[in-house]
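Quick notes on the structure that follows.
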DNA sequence: CGCGCCGATGTTTACGTAAACATTCGTGCC
DNA sequence: GGCACGAATGTTTACGTAAACATCGGCGCG
């Protein structure tokens, strides 16, 4: 177990017959090294199996080429996919990702995560979470660390990247109205979710703009089970011919409830979801839903942080990634009344 | 933008009127500091907002309290959930997670990831991936970095943690046979997946042990769409009354195909899945499936790496996490023939 | 032909921490 | 009461890197 001391620049320098500073120059890609010397150094590196030590580099530079990602749960498709895109884009830019999962979504734990990331000397932070848990006044962030927030509400304090929830919901509702449905019922997500609230707001406004009455809101919690319960209620509403669910899981539950109660989709009731999870195309029937481009959200998060890191500026404002309605087989013209 | 130089131990020491070494002792929790002094130092830390610099600490100690996680995709529920558990457990043990996503699952890219993690001075590595991509002979791992592999085949070279695929598949098939089905069809995952292969092997062996003929294998790729295609074939097989799908997504596709062809589940055909994704309970009908405890897999991965890190030993062998059949409404007694 | 400039490389230093070693001081024991 | 010991704290040093500064040598130009 005797750890054979790591190969350092000094070792490489000795073998190559140059100073360690020249090795450093080669390592950082400085142009001030003549080709022949560079070759010699590279050869020595190869021979010794030299790996730069990022700890020493970080100590010297005060930066790690690392982005911290704080999130609460990976259980949702959206978070997973966003994280995956973040990781991929960061890797592409030569940055590593340090993941801080939060056991509970409280402000205290977010604070703790910021603290830990501060110690870890990350260059930037991406928070995948509702922003109401953040409060700039109490968060002791190192001043040179930049933050981008995904899946959140306001871009007042931080730079925010999000899917265009409002337009997605609008497309969904409009689609149903265009099919001749008199109005559209809505099953919403948890009350403390901004994404859920924005979708509900857009649903209400779209109905209002079309001069249609808004049926009472049904409350779910993103889970298929909660959608199932809502679906049972909807099945008993004789006037309900169109439902917009705030996500695909709840839509799945609604489909099952309607099926069990003998309501045919889309013949009797049309259903639209939100997210476009890969399985949505295989629901019974294949689900019409609003596609979110999580990969793009992740990419823009990384680009946003890196831009701020490079420029040393702090940005605010919201970047919206377009959503689009994917029409499948769960929606059809309203039944003749 | 003038970066106000970070607070260092020296600053704290000056304010507290002690040497920086004493600050270091307090910071590392050494017992050789008298309480009154410790209090003074802690007060100074609070006042200045001191944060230990993990880069310097890592440089000094040669270790980071960081675990690297290499994985190919987060798209699958299993990987996401496993990663989440890994992150949670690691955080609990005071370790950070550095995520390296692989764009392509080739040996070269795994090698590159190892190299990067080597530079990042991680203490251990967890690989969530098929192990056939690893080849100890060619992977230049720092000798003091420990590796644990999840979701893989052999524990010859590394310590492996996996769900008990074999027992899960056995339970699924046995359940169907016990219901009176003459035999069980199987829709398998991608050919290069060990998990998929093990489930298929166990399926075959369980049938053989029961003296039943094994129908031809149907090949899928984990996706619901591939399950749908397999389901279309199965719907045309008059003798097919029971199907075991290698994951829940494919089971979903099968359910849709059977539904479209007028086969009733479970009345005409019973279907069992694998994974127990949260939505499985809301499929039409609710899916009987094999539950995997991804959280436990993640936990054991972390525990395995940390144990090796602490002891400085290299372990091999496989740890199996139990799986269990969850019976819902997609399976029933075989129809009278 | 000599001077100055610039490109290539070497030397020094600092980053923040913790181990190793040094020092101080009080206490107990002979 | 002096001496040895050990607990508490201070001093020195090294970890590996890269910036800042120093040096060296060659080449162009007057």
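No value in this document is a laboratory result; all are computed from the given coordinates. Not measured: the values here are computed from a predicted model. All Cβ positions, even for glycine, are placed from backbone atoms using ideal geometry, and neighbour counts span all protein chains on display.
So for the range B:9-52, what percent of the C-alpha to C-alpha distances run longer than 17 Å? Numbers along the way, then the final one.
On the way: 124 of 946 pairs.
Value for the range B:9-52: 13 percent of Cα pairs lie more than 17 Å apart.
DSSP assigns beta bridges within the range A:226-336; of those with both partners inside it, close to 30 percent run antiparallel. Add -39500 (n - 2.57) for each DSSP H run of 4 or more in chain B, then divide by its residues: what number comes out at 222 nm, to the nearest 500 deg cm²/dmol? The per-residue figure over chain B is -13000 deg cm²/dmol. Which of these, B:163, B:36, B:109, has the largest mean-square fluctuation under a Gaussian network model of chain B (Cα springs below 10 Å)? Fluctuation is largest for B:36. So how tilted is helix B:77-92 from the main axis of chain B? Cα-based, degrees 0 to 90, rounded to 10. For helix B:77-92, the angle is close to 30 degrees. Over every Cα atom in the protein assembly as shown, the radius of gyration and the widest Cα-Cα span, Dmax, amount to 28.0, 90 Å. Normalising the average separation of contacting C-alpha pairs (under 8 angstrom, six or more residues apart) by the number of residues puts the relative contact order of the range A:9-52 at 43 percent.
The modelled label-to-label distance for the pair residue A:61/residue B:333, using points 7 Å beyond Cα in the direction of Cβ, is 7.0 nm.
In units of 2.2 N^0.38 Å, what is the alpha-carbon radius of gyration of the range B:9-140?
1.41
Arranged from fewest to most other beta-carbon atoms within 10 Å of their beta carbon, A:289, A:331, B:206 become B:206, A:331, A:289. Measuring nothing but how far apart in sequence close Cα pairs (under 8 Å, 6+ apart) lie, relative to its length, chain B scores a relative contact order of 17 percent.
Take every DSSP beta bridge whose two residues both sit in the protein assembly as shown; close to 10 percent of them are antiparallel. Could you give log10 I(q)/I(0) at q = 0.09, 0.10, 0.16, 0.19 Å⁻¹ for the range B:165-293, computed by the Debye formula over C-alpha point scatterers of equal weight, without solvent? Summing over Cα pairs of the range B:165-293 leads to -0.20, -0.24, -0.66, -0.97. Coordinate range of the alpha-carbon atoms in chain A per principal axis, descending: 90, 41, 40 Å.
The fewest-to-most ranking of B:267, A:175 by surrounding Cβ atoms within 10 Å reads B:267, A:175. The ellipsoid equivalent to the alpha-carbon distribution of the range B:254-296 has semi-axes of 23, 9, 7 angstrom, derived from the gyration tensor eigenvalues as √(5λ) and listed largest first.
Determine the shape class of the range A:211-277: with a ≥ b ≥ c the square roots of the Cα gyration tensor eigenvalues, call it rounded for a/c under 1.5, and otherwise prolate if a/b is greater than b/c, oblate otherwise. Rounded, because the longest to shortest axis ratio a/c is under 1.5.
The long axis of helix B:165-178 is offset from the longest Cα principal axis of chain B by roughly 30 degrees.
In terms of other Cβ atoms within 10 Å, A:67, A:128, B:284 run from fewest to most in the order B:284, A:128, A:67. Distance from the C-alpha centroid of the range A:226-297 to that of the range B:28-49: 58 Å, rounded to the whole angstrom.
Label-point distances for residue B:103 to the equivalent site in the other copies, using a point 7 angstrom along Cα→C-beta, read 3.9 nm when ranked shortest first. Closest approach of a chain A Cβ to the axis relating A and B (residue, whole Å): A:80, 2. Structure remark: mean-square fluctuation, Gaussian network model of chain B, C-alpha springs under 10 Å; the largest value among B:156, B:167, B:293 belongs to B:156.
With label points set 7 Å from Cα along Cα→Cβ, the inter-copy distances at residue A:201 are 5.6 nm, sorted shortest first.
Could you work out the relative contact order of the range A:283-337, using alpha carbon pairs under 8 angstrom and six or more residues apart, expressed as a whole percent? It comes to 64 percent, rounded to a whole number. The mean number of partner chain beta-carbon atoms within 10 angstrom of a residue's beta-carbon across peptide A:45-57 is 4. Peptide A:275-284 is shielded by partner chain Cβ atoms: per residue, an average of 6 of them sit within 10 Å of its Cβ. Using only Cα coordinates, the Kirkwood hydrodynamic radius of the range B:251-337 works out to 15.3 Å. Take the Cβ atoms of residue A:314 and residue A:107, set R0 to 22 Å, and the FRET efficiency comes out at 0.60. In chain B, the DSSP beta bridges split such that about 10 percent are antiparallel, to the nearest 5. Take residue A:37, move 7 Å from Cα toward the beta carbon, and the resulting point lies 4.8 nm from the same point in each other copy, nearest first.
Using a Gaussian network model on chain A with a 10 Å cutoff between Cα atoms, which of A:286, A:216, A:31 fluctuates the most? Maximum among the listed residues: A:31.
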